[in-house]
Each structure stands twice: as structure tokens, then as C-alpha cells.
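The values are calculated or read from the model by the stated rules, or taken from the named source; none is laboratory data. All figures in this text were calculated on a predicted structure; none of them were measured in a lab. Note that we place each Cβ from the backbone using ideal geometry, even for glycine, and neighbour counts take in every protein chain shown. Heavy atoms of the whole protein, side chains included, go into the accessibility calculation; ligands, DNA and RNA do not. Shrake-Rupley method; radii C 1.70, N 1.55, O 1.52, S 1.80 Å.
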Amino acid sequence: MKFSVSNVLRVAPEIFWEQIFFDEAYNQGLYAALGFATMQVISSDRQPGLIRRSLRAEPPIHAPSALKRKLEGKLFYTEEGEFDLTTRRWSFRSSSSVLPDKVSIRGTIALSPHAEGAQHLVEIEARVTAWGLGSVIERVIERNTRDSYATTIAFTERWATEKGLV
């Protein structure tokens with residue numbers, strides 16, 4: 001399943017990439033606002049024309065209580081991403097600790113100039129190959145992604161305003 005999420009940010013694309021997206025305090029605050037139990041940058045590496053980052057995050061679990069208790073502390077994902085300094089595009093892939101061979105999530109984030117700041121576009125491809133449940137889980141991933149980006153945009157706007165970046 002492929003889908004996209006588009007929003008407008010009141011910051012210029014350069015400000016977003018250079019002063020927000022890779023800022024450690026911003027990321028810690030964002031993941032806390034999203035309800036994650038933990039988020040840790042595992043590695044960050046800058047090379048000519050490319051920035052790579054790997055992180056591990058434990059998302060909130062929206063499931064029945066019995067399932068939630070079984071998954072707590074066991075459900076996390078790792079995200080491997082690359083920012084191309086030429087195209088100004090973030091490409092990522094996420095791997096889940098639960099059913100890693102059945103769930104594949106990858107995508108891109110791009111910003112383009114907009115009269116109010118920047119058009120923020122996230123394109124996602126989620127594939128779940130669990131027989132009988134794949135399309136259901138893909139729809140849950142889509143809904144959760146859309147909800148999380150609503151929170152992300154609101155948090156980013158507050159962050160940028162507080163830091164005087166708007």
C-alpha cells in the first residue's frame with residue numbers, strides 16, 4: 001500500500017533541514033509528544049553529499065490490554081535514513097521487532113517552497129505479508145502515520161515558533 005501525507009509548515013525548507021530535523025532536542029521532544037516510550041539515535045554520520053542516521057524507537061501500543069501487556073518493552077522499530085544534500089530528500093526504511101520478515105515500511109520526506117513556508121510531503125510504502133491480516137495491518141499503519149504527522153506538524157510549528165525560526 002502506498003500513500004502520502006502533505007502539510008504546510010511555516011518554516012522555509014532550508015530552516016527545517018538545517019536547524020530542526022536533525023536537532024537532538026527537537027527529536028526527543030517530538031517523540032515524547034508522539035507518546036513514544038523511548039527514542040535513541042544509534043548513529044549519525046555526515047559524508048560528502050549525504051547524512052545518515054539510524055534510530056531505535058518504542059512507539060505507543062494501541063491494542064487491547066492483554067496484547068499490550070505482551071508487547072510492552074518488546075515492540076520497537078529501527079529506522080535507517082539518508083538525507084541527500086543535493087536533492088534535499090530524506091529516504092528511510094523501518095524495521096519492526098515484531099514480524100520483521102512480514103512488515104516493510106519505507107518512504108521519503110521532501111519539502112518544497114510554499115507561500116507560507118514549506119510544503120511538507122511524506123510518501124510511504126507499507127507492505128505486510130501476514131496472510132489474512134496484511135491489508136488490515138497496512139490500513140492501521142496508514143491511520144497511525146497520518147495521526148502521527150498531524151502531531152508532528154503541530155509540534156514542529158510550536159518548536160519553530162519558540163526558537164524564533166518562523
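Report whether or not Arg52 is of a type in the set (Lys, Arg) and surrounded by 14 or more Cβ atoms within 10 Å (Cβ to Cβ).
Numbers: of a type in the set (Lys, Arg): yes; surrounded by 14 or more Cβ atoms within 10 Å (Cβ to Cβ): no.
When the stated conditions are applied, Arg52 does not pass them.
Can you name every residue in the stretch 8-17 that is crowded, with 17+ Cβ neighbours inside 10 Å and in a strand (DSSP E or B)?
Leu9
List every residue pair whose Cβ atoms sit under 6 Å apart, with the two residues 6 or more apart in sequence or on different chains, where the first one lies in the stretch 1-21 and is over 15 Å from His114 (Cα atoms) and the second, anywhere, is surrounded by 18 or more Cβ atoms within 10 Å (Cβ to Cβ) and among the acidic types (Asp, Glu).
Met1/Glu138
For Ala110, indicate whether it is hydrophobic (A, V, I, L, M, F, W, C) and open to solvent by less than 50 Å² (accessible area, probe 1.4 Å). So that I can check it myself, show each step before the final result.
Numbers: hydrophobic (A, V, I, L, M, F, W, C): yes; open to solvent by less than 50 Å² (accessible area, probe 1.4 Å): yes.
Here the answer is yes, as Ala110 does meet what is asked.
Any residue in the stretch 119-127 that is open to solvent by less than 40 Å² (accessible area, probe 1.4 Å) and at pLDDT below 90?
Quick first cut of the stretch 119-127, residues open to solvent by less than 40 Å² (accessible area, probe 1.4 Å) only: 120, 122, 124, 126.
Subsequent filtering for residues that are at pLDDT below 90 retains none.
There is no residue in the stretch 119-127 that is open to solvent by less than 40 Å² (accessible area, probe 1.4 Å) and at pLDDT below 90.
Return yes when Ser135 is polar (S, T, N, Q) and open to solvent by 50 Å² or more (accessible area, probe 1.4 Å) and no when it is not.
Here the answer is yes, as Ser135 does meet what is asked.
Just one of the numbered conditions (1) crowded, with 16+ Cβ neighbours inside 10 Å; (2) part of a helix (DSSP H, G or I) is not true of Gln28; which one?
Tallying (1) crowded, with 16+ Cβ neighbours inside 10 Å; (2) part of a helix (DSSP H, G or I), Gln28 fails exactly one: (1).
Test Leu133 against the stated conditions and say whether it is touching a residue at least 12 places away in the same chain (Cβ under 8 Å) and over 20 Å from Met39 (Cβ atoms). So that I can check it myself, show each step before the final result.
Details: touching a residue at least 12 places away in the same chain (Cβ under 8 Å): no; over 20 Å from Met39 (Cβ atoms): yes.
Spelling it out, it is not the case that Leu133 is touching a residue at least 12 places away in the same chain (Cβ under 8 Å) and over 20 Å from Met39 (Cβ atoms).
Taking the options Arg93, Arg46, name whichever one is under 28 Å from Val128 (Cβ atoms), surrounded by fewer than 16 Cβ atoms within 10 Å (Cβ to Cβ) and free of Cβ contacts under 8 Å to residues at least 60 places away in the same chain.
Arg93
In the stretch 130-166, what residues are in contact with a strand residue (DSSP E or B) (Cβ under 8 Å, 6 or more places away or on another chain) and of a type in the set (S, T, N, Q)?
Residues satisfying the conditions are Ser135, Thr145, Thr156.
When the residues of the stretch 55-71 are filtered to those that are open to solvent by 70 Å² or more (accessible area, probe 1.4 Å) and not in a loop (DSSP other than H, G, I, E, B), which remaining residue is modelled with the highest pLDDT?
If we filter the stretch 55-71 for residues that are open to solvent by 70 Å² or more (accessible area, probe 1.4 Å), which is where we start, we get 56, 62, 64-65, 67-70.
Next, from what is left, pick out any that are not in a loop (DSSP other than H, G, I, E, B): 56, 65, 67-70.
On the way: Arg56: 96, Ser65: 72, Leu67: 61, Lys68: 61, Arg69: 68, Lys70: 65.
In this case the residue turns out to be Arg56.
Got a number for residues in the stretch 111-140 being among the aliphatic types (A, V, I, L, M) and under 24 Å from Gln28 (Cβ atoms)? Please lay out each step first, then the result.
From the stretch 111-140, those among the aliphatic types (A, V, I, L, M) are 111, 115, 118, 121-122, 124, 126, 128, 130, 133, 136-137, 140; that's our starting set.
Then drop every residue that is not under 24 Å from Gln28 (Cβ atoms), which leaves 111, 118, 122, 124.
Residues that pass the stated criteria total 4.
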